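See structure below.
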Amino acid sequence: HQQALDLFRQAETSRPWITDDQKARALRGQGVCLVDLDRLDEAEQVLVRAEQVYPEDTKAAKELEFIRTLRAKPSS
């Protein structure tokens, strides 16, 4: 997951002409990787940025809801 996170971070800044949609996708990818790495605070921050970059896309909001669901589960 760490390698994928690194690649999504690289994709976010790889070209100066990246579209908002592409940047939001790279940010969402980072968020998913961070969730898989159990770094929920960082994932939440990145997904909020994705929403700000491309608010027309609802996928980041769904990922944020997933994080809230994870946090609501009792620890075992």
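Values as computed for the structure displayed
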read-out: Cα long-axis angle, helix 40-53 against the chain (0 to 90 degrees, to the nearest 10); value: 40
read-out: Segment 61-72 - phi-based ³J(HN,Hα) in whole Hz, Karplus 6.51/-1.76/1.60, Gly and Pro as x; value: 4, 5, 5, 5, 5, 4, 4, 4, 5, 4, 5, 6
read-out: Rounded to the nearest 10 Å², the accessible area of residue 12 at probe 1.4 Å; value: 20
read-out: The chain, accessible surface, carbon-and-sulfur percent (1.4 angstrom probe); value: 51
read-out: Angle in degrees between helix 2-13 and the longest Cα principal axis of the chain, rounded to the nearest 10; value: 40
read-out: Rounded tilt (10° steps) of 20-36 against the dominant C-alpha axis of the chain; value: 30
read-out: 1.4 Å probe accessible area per residue over the chain, in Å²; value: 67
read-out: Gyration tensor verdict on the chain (Cα atoms; rounded if a/c is under 1.5, prolate if a/b is larger than b/c, oblate otherwise); value: oblate
read-out: Accessible area of residue 13 in the full protein assembly, 1.4 Å probe (Å², nearest 10); value: 100
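The values are calculated or read from the model by the stated rules, or taken from the named source; none is laboratory data. Computed from a predicted structure; not experimentally measured. Side chains are part of the model used for accessible areas, which takes the heavy atoms of the whole protein and leaves out ligands, DNA and RNA. Shrake-Rupley method; radii C 1.70, N 1.55, O 1.52, S 1.80 Å.
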